[in-house]
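These notes are about the structure you will find just below.
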Amino acid sequence: MRSNPKHPYEKISSEEEDAATQTTPFKMIGSITLGSLALAAITWSSYSLISADHNPSTLTGRNPTLSTDRNPHLSSSNFVEISAINITSSYEQRWSGKKLPKWATKKINFSIPKEQEICFAHVGKAGGSTLGCSLGFSLHCHDGVGVGVDDASVQMENHTSSSLLAKLTTHTFHNDVYNCDDDAGYILFIVRDPVARALSAFNYDKPDENDFLHDTNWANKKAHFYFHCPFPHMEDFVQNGLREEGDSPDRCKRLAIESLQGIDSHKDQSPGHWYLNYQYYLEAIPSDSKIFTIRNEHIEEDIRSIENFFECNEQERLALTKSFNTNTWSDQDDLYLSDESISILCQALCNEIQFYKKILHQAINMSQDQLRVSLSELEAKCPHEAIAEECLDVIPDISEKLRDNRGY
(Lines give C-alpha, C1' and ligand atoms only; values in the text may rest on other atoms or scores of the structure.)
Protein backbone atom coordinates (compact mmCIF):
# COMPACT_ATOMS: atom_id res chain seq x y z
CA MET A 1 0.00 0.00 0.00
CA ARG A 2 1.38 3.40 -0.92
CA SER A 3 1.78 5.95 1.83
CA ASN A 4 0.08 9.29 1.35
CA PRO A 5 2.48 11.94 0.01
CA LYS A 6 3.30 14.91 2.20
CA HIS A 7 3.44 18.53 1.18
CA PRO A 8 6.09 21.16 1.79
CA TYR A 9 3.71 24.13 1.76
CA GLU A 10 3.59 26.81 4.42
CA LYS A 11 0.43 27.49 6.38
CA ILE A 12 -1.00 30.97 6.79
CA SER A 13 -1.11 32.29 10.36
CA SER A 14 1.30 29.65 11.64
CA GLU A 15 4.83 30.31 12.80
CA GLU A 16 5.72 26.67 13.39
CA GLU A 17 6.74 25.04 10.12
CA ASP A 18 8.27 21.61 9.72
CA ALA A 19 11.42 21.36 7.66
CA ALA A 20 10.83 20.52 4.01
CA THR A 21 13.27 19.45 1.32
CA GLN A 22 12.48 19.96 -2.35
CA THR A 23 13.48 17.26 -4.84
CA THR A 24 11.80 16.53 -8.17
CA PRO A 25 8.56 18.09 -9.51
CA PHE A 26 6.84 14.74 -8.99
CA LYS A 27 7.95 13.77 -5.47
CA MET A 28 6.18 15.37 -2.53
CA ILE A 29 8.27 15.37 0.62
CA GLY A 30 8.41 17.12 3.95
CA SER A 31 5.63 17.23 6.46
CA ILE A 32 2.99 19.60 7.71
CA THR A 33 0.97 19.19 10.82
CA LEU A 34 -2.62 20.21 10.20
CA GLY A 35 -4.93 20.87 13.07
CA SER A 36 -7.14 23.55 14.40
CA LEU A 37 -4.78 26.24 13.09
CA ALA A 38 -5.46 25.16 9.49
CA LEU A 39 -9.20 25.35 9.98
CA ALA A 40 -8.82 28.72 11.66
CA ALA A 41 -6.73 29.90 8.74
CA ILE A 42 -9.41 28.78 6.30
CA THR A 43 -12.16 30.39 8.31
CA TRP A 44 -10.74 33.67 9.57
CA SER A 45 -7.38 34.55 8.02
CA SER A 46 -6.65 36.56 4.93
CA TYR A 47 -5.47 34.32 2.15
CA SER A 48 -2.10 35.01 0.67
CA LEU A 49 -2.35 35.15 -3.09
CA ILE A 50 -0.02 35.12 -6.04
CA SER A 51 2.85 37.58 -6.30
CA ALA A 52 2.08 40.77 -8.17
CA ASP A 53 5.17 40.18 -10.28
CA HIS A 54 3.34 37.34 -12.02
CA ASN A 55 -0.25 38.58 -12.03
CA PRO A 56 -2.34 41.36 -13.48
CA SER A 57 -3.51 42.69 -10.12
CA THR A 58 -3.18 42.25 -6.38
CA LEU A 59 -5.65 42.41 -3.55
CA THR A 60 -3.89 45.22 -1.72
CA GLY A 61 -6.53 47.23 0.04
CA ARG A 62 -9.38 45.05 -1.19
CA ASN A 63 -11.99 43.98 1.30
CA PRO A 64 -13.57 40.72 0.08
CA THR A 65 -16.89 41.52 1.74
CA LEU A 66 -19.93 42.03 -0.43
CA SER A 67 -19.72 45.42 -2.08
CA THR A 68 -22.03 48.09 -0.71
CA ASP A 69 -21.39 50.39 -3.66
CA ARG A 70 -24.60 49.56 -5.46
CA ASN A 71 -25.54 50.63 -8.95
CA PRO A 72 -28.66 52.71 -9.52
CA HIS A 73 -31.69 50.48 -9.85
CA LEU A 74 -31.79 49.01 -13.34
CA SER A 75 -34.67 47.49 -15.24
CA SER A 76 -35.66 47.09 -18.85
CA SER A 77 -37.38 50.45 -18.68
CA ASN A 78 -33.98 52.10 -18.08
CA PHE A 79 -32.68 50.94 -21.46
CA VAL A 80 -33.09 53.10 -24.52
CA GLU A 81 -34.93 51.24 -27.27
CA ILE A 82 -33.11 51.14 -30.62
CA SER A 83 -33.48 49.17 -33.83
CA ALA A 84 -32.18 45.58 -33.72
CA ILE A 85 -28.41 45.47 -34.24
CA ASN A 86 -25.47 43.18 -33.79
CA ILE A 87 -23.30 44.52 -30.99
CA THR A 88 -19.76 45.66 -31.79
CA SER A 89 -17.10 42.93 -31.81
CA SER A 90 -13.69 43.79 -30.36
CA TYR A 91 -12.61 40.31 -31.51
CA GLU A 92 -13.20 41.23 -35.16
CA GLN A 93 -11.44 44.55 -34.66
CA ARG A 94 -8.34 42.80 -33.27
CA TRP A 95 -8.28 39.97 -35.82
CA SER A 96 -8.73 41.55 -39.24
CA GLY A 97 -10.63 39.24 -41.59
CA LYS A 98 -11.91 36.94 -38.86
CA LYS A 99 -15.61 36.62 -38.10
CA LEU A 100 -16.88 36.30 -34.56
CA PRO A 101 -18.33 32.77 -34.16
CA LYS A 102 -22.11 32.78 -34.20
CA TRP A 103 -22.30 31.21 -30.73
CA ALA A 104 -20.54 34.29 -29.31
CA THR A 105 -22.94 36.81 -30.87
CA LYS A 106 -26.07 38.39 -29.45
CA LYS A 107 -28.73 40.51 -31.08
CA ILE A 108 -30.18 43.26 -28.93
CA ASN A 109 -32.66 46.06 -29.44
CA PHE A 110 -31.67 48.28 -26.53
CA SER A 111 -28.72 50.42 -25.53
CA ILE A 112 -26.86 49.67 -22.28
CA PRO A 113 -24.58 52.19 -20.53
CA LYS A 114 -20.98 51.09 -21.07
CA GLU A 115 -20.25 51.12 -17.35
CA GLN A 116 -23.01 48.53 -16.84
CA GLU A 117 -21.96 46.13 -19.61
CA ILE A 118 -20.80 42.67 -18.55
CA CYS A 119 -18.45 40.34 -20.44
CA PHE A 120 -18.91 36.66 -19.63
CA ALA A 121 -15.59 34.82 -19.05
CA HIS A 122 -16.70 31.29 -19.90
CA VAL A 123 -14.00 29.11 -18.31
CA GLY A 124 -14.16 25.70 -19.97
CA LYS A 125 -15.54 22.72 -17.98
CA ALA A 126 -16.74 24.92 -15.13
CA GLY A 127 -20.44 24.77 -16.00
CA GLY A 128 -20.29 27.71 -18.35
CA SER A 129 -22.41 26.28 -21.16
CA THR A 130 -25.53 26.18 -19.00
CA LEU A 131 -24.93 29.74 -17.84
CA GLY A 132 -23.98 30.94 -21.32
CA CYS A 133 -27.17 29.52 -22.85
CA SER A 134 -29.18 31.22 -20.13
CA LEU A 135 -27.46 34.54 -20.84
CA GLY A 136 -28.31 34.40 -24.55
CA PHE A 137 -25.20 32.92 -26.16
CA SER A 138 -25.60 29.69 -28.12
CA LEU A 139 -22.57 27.46 -27.49
CA HIS A 140 -23.75 23.89 -26.75
CA CYS A 141 -27.37 25.03 -26.41
CA HIS A 142 -28.75 22.50 -28.88
CA ASP A 143 -27.92 19.17 -30.47
CA GLY A 144 -25.71 20.74 -33.15
CA VAL A 145 -23.03 21.35 -30.54
CA GLY A 146 -21.00 24.46 -31.07
CA VAL A 147 -22.30 25.54 -34.46
CA GLY A 148 -24.63 28.22 -33.13
CA VAL A 149 -27.36 27.96 -35.76
CA ASP A 150 -29.91 30.74 -36.14
CA ASP A 151 -32.86 28.89 -34.60
CA ALA A 152 -30.83 28.35 -31.41
CA SER A 153 -30.02 32.05 -31.28
CA VAL A 154 -33.70 32.90 -31.60
CA GLN A 155 -34.46 30.36 -28.87
CA MET A 156 -31.92 31.97 -26.55
CA GLU A 157 -33.13 35.49 -27.37
CA ASN A 158 -36.71 34.53 -26.45
CA HIS A 159 -35.57 32.77 -23.28
CA THR A 160 -33.54 35.71 -21.97
CA SER A 161 -35.79 38.56 -23.08
CA SER A 162 -36.98 39.33 -19.54
CA SER A 163 -33.68 38.76 -17.68
CA LEU A 164 -31.81 41.86 -16.56
CA LEU A 165 -28.54 39.94 -16.13
CA ALA A 166 -28.82 38.49 -19.63
CA LYS A 167 -29.40 41.95 -21.10
CA LEU A 168 -26.39 43.41 -19.29
CA THR A 169 -24.13 40.53 -20.46
CA THR A 170 -23.38 41.67 -24.00
CA HIS A 171 -20.05 39.96 -24.80
CA THR A 172 -18.28 36.69 -24.05
CA PHE A 173 -14.75 35.30 -23.76
CA HIS A 174 -14.23 31.57 -24.29
CA ASN A 175 -11.09 29.69 -25.30
CA ASP A 176 -9.36 31.66 -28.06
CA VAL A 177 -12.36 33.93 -28.71
CA TYR A 178 -11.65 37.01 -26.60
CA ASN A 179 -14.50 39.40 -27.31
CA CYS A 180 -14.43 41.52 -24.15
CA ASP A 181 -14.12 45.28 -24.48
CA ASP A 182 -11.29 46.60 -22.32
CA ASP A 183 -13.61 49.26 -20.94
CA ALA A 184 -16.45 46.86 -20.07
CA GLY A 185 -18.04 47.62 -16.73
CA TYR A 186 -17.67 44.09 -15.34
CA ILE A 187 -16.24 40.65 -16.08
CA LEU A 188 -18.43 37.69 -15.09
CA PHE A 189 -16.50 34.49 -14.24
CA ILE A 190 -17.91 30.99 -13.94
CA VAL A 191 -15.59 28.82 -11.80
CA ARG A 192 -15.46 25.32 -10.40
CA ASP A 193 -13.34 23.44 -7.89
CA PRO A 194 -10.01 23.00 -9.77
CA VAL A 195 -9.77 19.24 -9.19
CA ALA A 196 -13.31 18.61 -10.43
CA ARG A 197 -12.66 20.88 -13.42
CA ALA A 198 -9.44 19.01 -14.28
CA LEU A 199 -11.25 15.67 -14.15
CA SER A 200 -14.09 16.94 -16.32
CA ALA A 201 -11.68 18.36 -18.90
CA PHE A 202 -9.74 15.08 -19.02
CA ASN A 203 -12.87 13.04 -19.75
CA TYR A 204 -14.25 15.61 -22.20
CA ASP A 205 -11.35 15.24 -24.65
CA LYS A 206 -10.82 11.49 -24.41
CA PRO A 207 -11.64 10.00 -27.85
CA ASP A 208 -14.01 7.07 -28.15
CA GLU A 209 -14.81 4.66 -30.99
CA ASN A 210 -17.25 7.11 -32.56
CA ASP A 211 -14.56 9.81 -32.65
CA PHE A 212 -12.12 7.51 -34.42
CA LEU A 213 -14.79 6.79 -37.07
CA HIS A 214 -16.11 10.32 -37.64
CA ASP A 215 -13.34 12.67 -36.51
CA THR A 216 -10.29 10.56 -37.20
CA ASN A 217 -7.63 13.29 -37.32
CA TRP A 218 -8.71 14.79 -34.00
CA ALA A 219 -9.01 11.37 -32.35
CA ASN A 220 -5.57 10.27 -33.55
CA LYS A 221 -3.97 13.38 -32.09
CA LYS A 222 -5.64 12.82 -28.73
CA ALA A 223 -4.62 9.15 -28.79
CA HIS A 224 -0.99 10.21 -28.35
CA PHE A 225 -1.88 11.49 -24.89
CA TYR A 226 -4.53 9.03 -23.71
CA PHE A 227 -3.37 5.74 -25.22
CA HIS A 228 0.23 6.03 -26.45
CA CYS A 229 0.94 7.14 -22.91
CA PRO A 230 -0.73 4.93 -20.27
CA PHE A 231 -3.44 7.46 -19.40
CA PRO A 232 -6.79 5.81 -20.28
CA HIS A 233 -8.39 7.13 -17.07
CA MET A 234 -7.64 10.06 -14.79
CA GLU A 235 -6.53 7.68 -12.03
CA ASP A 236 -4.01 6.16 -14.45
CA PHE A 237 -2.89 9.61 -15.53
CA VAL A 238 -2.09 10.61 -11.94
CA GLN A 239 -0.50 7.31 -10.88
CA ASN A 240 1.51 6.75 -14.06
CA GLY A 241 2.19 10.32 -15.12
CA LEU A 242 2.46 12.50 -12.01
CA ARG A 243 4.17 10.08 -9.60
CA GLU A 244 7.93 9.79 -10.09
CA GLU A 245 7.57 6.04 -9.55
CA GLY A 246 4.76 5.89 -12.10
CA ASP A 247 4.78 3.26 -14.85
CA SER A 248 5.31 5.46 -17.90
CA PRO A 249 8.28 6.75 -19.95
CA ASP A 250 9.90 10.05 -19.00
CA ARG A 251 8.39 11.55 -22.15
CA CYS A 252 4.90 10.80 -20.87
CA LYS A 253 5.71 12.14 -17.41
CA ARG A 254 6.87 15.43 -18.88
CA LEU A 255 3.76 15.58 -21.03
CA ALA A 256 1.59 14.87 -17.99
CA ILE A 257 2.84 17.68 -15.77
CA GLU A 258 3.19 20.23 -18.58
CA SER A 259 -0.30 19.47 -19.91
CA LEU A 260 -1.95 19.73 -16.51
CA GLN A 261 -0.24 23.04 -15.79
CA GLY A 262 -1.07 24.53 -19.19
CA ILE A 263 2.50 24.90 -20.43
CA ASP A 264 2.85 22.04 -22.92
CA SER A 265 3.75 22.52 -26.56
CA HIS A 266 1.50 19.59 -27.57
CA LYS A 267 -1.83 21.17 -26.61
CA ASP A 268 -3.53 19.59 -29.62
CA GLN A 269 -2.91 16.18 -28.00
CA SER A 270 -3.72 16.84 -24.34
CA PRO A 271 -7.00 18.11 -22.81
CA GLY A 272 -7.58 21.53 -24.34
CA HIS A 273 -9.22 23.10 -21.30
CA TRP A 274 -6.11 22.38 -19.22
CA TYR A 275 -4.14 24.65 -21.52
CA LEU A 276 -6.69 27.47 -21.22
CA ASN A 277 -6.82 27.54 -17.44
CA TYR A 278 -7.69 29.99 -14.66
CA GLN A 279 -4.35 31.79 -15.05
CA TYR A 280 -5.10 32.34 -18.74
CA TYR A 281 -8.58 33.75 -18.17
CA LEU A 282 -7.56 35.99 -15.27
CA GLU A 283 -4.44 37.40 -16.92
CA ALA A 284 -6.31 38.01 -20.19
CA ILE A 285 -8.68 40.60 -18.73
CA PRO A 286 -7.65 44.16 -17.78
CA SER A 287 -5.94 44.30 -14.40
CA ASP A 288 -8.44 46.80 -13.00
CA SER A 289 -11.54 44.82 -13.99
CA LYS A 290 -14.47 44.59 -11.62
CA ILE A 291 -15.22 40.88 -11.27
CA PHE A 292 -18.43 39.01 -10.60
CA THR A 293 -17.97 35.31 -9.86
CA ILE A 294 -20.49 32.48 -10.12
CA ARG A 295 -19.40 29.25 -8.46
CA ASN A 296 -20.58 26.09 -10.20
CA GLU A 297 -21.31 24.54 -6.81
CA HIS A 298 -23.51 27.53 -5.80
CA ILE A 299 -24.75 28.75 -9.16
CA GLU A 300 -28.28 29.85 -8.20
CA GLU A 301 -27.08 31.63 -5.05
CA ASP A 302 -24.40 33.56 -6.94
CA ILE A 303 -26.70 34.55 -9.79
CA ARG A 304 -29.06 36.02 -7.19
CA SER A 305 -26.22 37.91 -5.49
CA ILE A 306 -25.30 39.60 -8.79
CA GLU A 307 -28.93 40.42 -9.51
CA ASN A 308 -29.25 41.88 -6.01
CA PHE A 309 -26.18 44.00 -6.73
CA PHE A 310 -28.20 45.62 -9.52
CA GLU A 311 -31.39 45.67 -7.36
CA CYS A 312 -33.10 43.47 -9.92
CA ASN A 313 -36.90 43.11 -9.92
CA GLU A 314 -38.29 39.62 -9.27
CA GLN A 315 -39.81 39.42 -12.75
CA GLU A 316 -36.42 40.17 -14.31
CA ARG A 317 -34.46 37.37 -12.64
CA LEU A 318 -32.55 34.82 -14.73
CA ALA A 319 -33.94 31.31 -15.22
CA LEU A 320 -31.32 28.70 -16.06
CA THR A 321 -31.87 26.84 -19.32
CA LYS A 322 -30.57 23.46 -20.49
CA SER A 323 -27.16 22.86 -22.04
CA PHE A 324 -26.33 19.86 -24.24
CA ASN A 325 -22.70 19.84 -23.06
CA THR A 326 -23.22 17.85 -19.84
CA ASN A 327 -21.03 14.75 -19.65
CA THR A 328 -23.32 11.73 -19.84
CA TRP A 329 -20.85 9.27 -21.37
CA SER A 330 -18.20 8.73 -18.68
CA ASP A 331 -18.32 5.48 -16.71
CA GLN A 332 -17.29 4.93 -13.09
CA ASP A 333 -13.66 4.25 -14.05
CA ASP A 334 -13.58 7.66 -15.75
CA LEU A 335 -14.83 9.39 -12.60
CA TYR A 336 -12.78 7.51 -9.99
CA LEU A 337 -9.90 9.17 -8.15
CA SER A 338 -8.26 7.59 -5.11
CA ASP A 339 -7.43 9.70 -2.08
CA GLU A 340 -3.74 9.42 -2.93
CA SER A 341 -4.35 10.59 -6.48
CA ILE A 342 -6.42 13.55 -5.31
CA SER A 343 -3.55 14.57 -3.03
CA ILE A 344 -1.01 14.27 -5.87
CA LEU A 345 -3.32 16.15 -8.22
CA CYS A 346 -3.75 18.97 -5.71
CA GLN A 347 0.00 19.51 -5.54
CA ALA A 348 0.39 19.50 -9.32
CA LEU A 349 -2.48 22.01 -9.56
CA CYS A 350 -1.12 24.26 -6.82
CA ASN A 351 -0.63 27.35 -8.99
CA GLU A 352 -3.99 26.81 -10.64
CA ILE A 353 -5.59 26.64 -7.20
CA GLN A 354 -4.00 29.98 -6.28
CA PHE A 355 -5.52 31.63 -9.36
CA TYR A 356 -8.88 30.06 -8.49
CA LYS A 357 -8.62 31.53 -5.00
CA LYS A 358 -7.73 34.90 -6.45
CA ILE A 359 -10.86 34.97 -8.62
CA LEU A 360 -12.94 34.17 -5.55
CA HIS A 361 -11.28 36.93 -3.53
CA GLN A 362 -11.80 39.54 -6.24
CA ALA A 363 -15.51 38.81 -6.68
CA ILE A 364 -17.43 41.91 -5.64
CA ASN A 365 -20.69 39.95 -5.38
CA MET A 366 -19.43 37.50 -2.75
CA SER A 367 -19.77 37.98 1.00
CA GLN A 368 -17.15 36.85 3.48
CA ASP A 369 -19.43 33.98 4.49
CA GLN A 370 -19.68 32.79 0.88
CA LEU A 371 -15.93 33.09 0.47
CA ARG A 372 -15.32 31.06 3.62
CA VAL A 373 -17.68 28.34 2.39
CA SER A 374 -15.80 27.91 -0.91
CA LEU A 375 -12.39 27.98 0.73
CA SER A 376 -13.54 25.43 3.29
CA GLU A 377 -14.80 23.20 0.46
CA LEU A 378 -11.42 23.56 -1.22
CA GLU A 379 -9.63 22.79 2.05
CA ALA A 380 -11.57 19.55 2.40
CA LYS A 381 -10.11 18.31 -0.91
CA CYS A 382 -6.75 20.11 -1.10
CA PRO A 383 -5.93 21.08 2.50
CA HIS A 384 -2.32 22.12 1.90
CA GLU A 385 -2.86 24.08 -1.31
CA ALA A 386 -5.92 25.84 0.10
CA ILE A 387 -3.75 27.63 2.67
CA ALA A 388 -0.44 27.70 0.80
CA GLU A 389 1.42 30.97 0.42
CA GLU A 390 3.42 29.67 -2.53
CA CYS A 391 3.90 26.58 -4.63
CA LEU A 392 6.91 24.47 -5.57
CA ASP A 393 6.48 25.17 -9.27
CA VAL A 394 7.25 28.62 -10.67
CA ILE A 395 4.23 30.46 -12.05
CA PRO A 396 4.46 30.14 -15.85
CA ASP A 397 4.98 33.14 -18.09
CA ILE A 398 2.00 32.95 -20.46
CA SER A 399 2.57 36.17 -22.40
CA GLU A 400 2.98 34.21 -25.65
CA LYS A 401 -0.21 32.26 -24.99
CA LEU A 402 -2.09 35.53 -24.45
CA ARG A 403 -0.74 37.03 -27.67
CA ASP A 404 -1.67 33.94 -29.65
CA ASN A 405 -5.22 33.72 -28.29
CA ARG A 406 -6.23 37.19 -27.08
CA GLY A 407 -4.40 39.04 -29.83
CA TYR A 408 -2.12 41.26 -27.77
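The values are calculated or read from the model by the stated rules, or taken from the named source; none is laboratory data. Keep in mind it's a predicted model, so treat the numbers as computed, not measured. We place every Cβ from the backbone using ideal geometry, glycine too, and count neighbours over all the protein chains shown. These area figures cover heavy atoms from the full protein model, side chains too; ligands, DNA and RNA do not enter into them. Shrake-Rupley method; radii C 1.70, N 1.55, O 1.52, S 1.80 Å.
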### Message
For the pair Lys221/Glu300, report the inter-label distance in nm, with labels modelled 7 Å from Cα in the Cβ direction.
### Response
4.0
### Message
Report the gain in length on full extension from Asp331 to Asp183: 0.36 nm times residue separation, minus Cα-Cα distance, nm rounded to one decimal.
### Response
48.9 nm
### Summary
With a ≥ b ≥ c from the Cα gyration tensor eigenvalues, square-rooted, and the rule rounded for a/c under 1.5, otherwise prolate when a/b > b/c and oblate otherwise, region 200-281 is oblate
## Note on the structure
So for region 271-408, using the alpha carbon gyration tensor with a ≥ b ≥ c as root eigenvalues (a/c under 1.5 gives rounded; past that, a/b versus b/c decides prolate or oblate), I'd call it rounded
### Relative contact order computed over region 251-300 (Cα-Cα under 8 Å; 6+ residues apart), in percent
24
### Task
At 1.4 Å probe size, with every protein chain present, just tell me what the per residue accessible area of region 181-281 comes to in Å².
39
### Task
Anything over 24 Å Cα to Cα? Flag those among Lys106/Lys290; Lys107/Lys401; Lys125/Lys221; Lys206/Lys267; Lys102/Lys206, in the order listed.
Lys107/Lys401; Lys102/Lys206
### Message
With a cut-off of 8 Å between alpha carbons and a minimum separation of six or more residues, what is the relative contact order of region 168-248 in percent?
### Response
15
### Task
Sticking with the crude label model, points 7 Å out along Cα→Cβ, report the distance from Phe212 to Ser162 in nm, one decimal please.
5.0
### Stokes-Einstein D in µm²/s, Kirkwood radius over Cα pairs - region 347-408 at 37 °C with 0.692 mPa s viscosity
249
### Task
Note the full-extension length gain between Glu92 and Ser338 as 0.36 nm times their separation in residues minus their Cα-Cα distance, in nm to one decimal.
84.0 nm
